[in-house]
Amino acid sequence: MLLNLKDILEYAKVNQSAIGSFNVYNLESIQAVVQAALAAKQPVIISFGESYTSHAPIEVIAEIVKIYCIKSDVPFCLHLDHSKELATIMKAIRAGFTSIMYDGSALPLNENIRRSRQVVELSHLVGVSVEGELGYMNNEDGTSPDGLCLAEGYTTVAAAKEYTEQSGVDALAIAIGNAHGIYKGIPTLDFLRLEEIKRTIKVPIVLHGSSGIPLDSLRKAISLGVRKININTEVSTKGIQTARSFLADHLDKNTRFEILAKAVEGAMSQTVADYINLFK
């Protein structure tokens with residue numbers, strides 16, 4: 001079945017767990033996530049980034065997900081990740097996405113609230129949930145300006161309260177030491193800040209950039225109220241590693257691309273399964 005973000009995170013709240021949000025880009029990556037979720041009989045969020053529209057049309061991704069998930073007994077959510085353009089958001093909603101993540105984190109607070117509220121009003125009309133983001137991390141592709149200090153962009157308790165109450169979002173992604181891409185060191189999460197934000201706001205908390213965060217830290221974040229955890233880099237790098245190993249072992253000119261793709265899909269699915277088991 002396909003649920004919106006609000007409903008699928010209610011499952012996490014009741015079970016004191018977190019739902020994994022896994023980025024997909026094409027058929028094989030979608031199959032990797034779906035197979036892991038079905039095998040574990042656990043809900044997942046299938047996440048397609050606005051920046052991925054050069055890989056596949058939003059409508060194609062939506063149709064593939066609907067074919068696999070609508071009749072399933074396992075709950076799925078189809079989520080548009082890091083969207084900034086209203087045109088993309090409307091296209092995703094029309095295609096059947098059940099959740100939108102509007103990213104106004106680089107904007108001044110008042111402007112982020114105004115634009116987020118606009119997305120919320122449009123999305124809620126058709127039962128689509130909205131996730132907002134507050135606090136600066138780094139670029140979605142893992143790059144960042146020289147000299148970037150993550151701590152300077154941490155989400156404040158006061159801003160989280162104002163933003164969630166005035167925007168009407170259904171979930172809030174926060175910055176507490178997490179970052180997109182591959183970490184240069186061992187990330188340290190500000191758990192005190194997480195606890196304060198959890199006590200102050202009424203919507204579920206989301207953690208982006210979770211690939212590479214120590215597993216014990218992820219478990220603690222879940223125990224403190226994080227209900228959605230985004231995983232992208234860990235699954236992607238596993239796919240790349242598997243492809244490199246496969247090609248090194250298959251030098252025959254007749255090696256077929258579809259066999260490579262299936263090997264990569266299987267490895268990615270196992271990584272997804274490992275995170276699903278951790279989050280439940």
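The values are calculated or read from the model by the stated rules, or taken from the named source; none is laboratory data. Note that this is a predicted model, so its numbers are computed, not measured. Note: ideal-geometry Cβ built from the backbone for every residue, glycine included; neighbour counts use all protein chains shown. Note: accessible area is taken over every heavy atom of the protein model, side chains too, but ligands, DNA and RNA are not part of it. Shrake-Rupley method; radii C 1.70, N 1.55, O 1.52, S 1.80 Å.
A few remarks follow.
- Pairs meeting the criteria (first residue in the stretch 1-16 and within 13 Å of GLU131 (Cα to Cα), second residue open to solvent by less than 80 Å² (accessible area, probe 1.4 Å) and at pLDDT below 95, beta carbons under 6 Å, at least 6 apart or on different chains) are lacking.
- In this structure, ALA92 does not qualify as among the small types (Gly, Ala, Ser), buried (at least 24 other Cβ atoms within 10 Å of the Cβ), in contact (Cβ under 8 Å) with a residue 60 or more places away in the chain and out of contact with any Pro (no Cβ under 9 Å at 6 or more places or on another chain).
- Restricting attention to the stretch 162-206, the residues that are open to solvent by less than 20 Å² (accessible area, probe 1.4 Å) and either among the aliphatic types (A, V, I, L, M) or modelled with pLDDT under 95 (or both) add up to 18.
- When ASN138 is tested against the conditions (1) of a type outside the set (A, V, I, L, M, F, W, C); (2) open to solvent by 30 Å² or more (accessible area, probe 1.4 Å); (3) modelled with pLDDT under 95, the lone failure is (2).
- Yes/no for ALA221 being farther than 16 Å from ILE19 by Cβ, of a type outside the set (Val, Ile, Thr) and at pLDDT 95 or above: no
- Restricting attention to the stretch 97-122, the residues that are modelled with pLDDT of 95 or more, of a type outside the set (Val, Ile, Thr), over 17 Å from GLU165 (Cα atoms) and in contact with a Phe, Trp or Tyr (Cβ under 9 Å, 6 or more places away or on another chain) total 1.
- Residue match in the stretch 218-234 (condition: over 25 Å from GLN42 (Cα atoms) and of a type in the set (Gly, Ala, Ser)): no
- Scan of the stretch 119-138 for residues that are on the phi < 0 side of the Ramachandran plot and out of contact with any strand residue (DSSP E or B) (no Cβ under 7 Å at 6 or more places or on another chain), ordered by number: GLU121, LEU122, HIS124, LEU125, VAL126, TYR136, MET137, ASN138
- Applying the condition of being surrounded by 12 or more Cβ atoms within 10 Å (Cβ to Cβ) and among the charged types (D, E, K, R) to the stretch 234-255 and asking which residue is farthest from LEU27 (Cα to Cα) yields GLU234.
- Whichever residue in the stretch 2-12 is in contact with a strand residue (DSSP E or B) (Cβ under 6 Å, 6 or more places away or on another chain) and open to solvent by 10 Å² or more (accessible area, probe 1.4 Å) and, among such residues, is farthest from VAL34 (Cα to Cα): LYS6
- Any hit, the stretch 103-118, residues being touching a strand residue (DSSP E or B) at 6+ places or on another chain (Cβ under 7 Å), touching a residue at least 12 places away in the same chain (Cβ under 8 Å) and among the hydrophobic types (A, V, I, L, M, F, W, C): no
- Residue that is surrounded by the fewest Cβ atoms within 10 Å (Cβ to Cβ) [pool: residues in the stretch 213-233 that are more than 21 Å from ILE8 (Cβ to Cβ) and in contact with a helix residue (DSSP H, G or I) (Cβ under 7 Å, 6 or more places away or on another chain)]: LEU215
- Every condition in (1) surrounded by fewer than 17 Cβ atoms within 10 Å (Cβ to Cβ); (2) in contact (Cβ under 8 Å) with a residue 24 or more places away in the chain; (3) farther than 30 Å from ALA12 by Cα holds for GLU258 except the one numbered (2).
- Residue tally, condition hydroxyl-bearing (Ser, Thr, Tyr) and within 21 Å of LYS262 (Cα to Cα), over the stretch 12-51: 3
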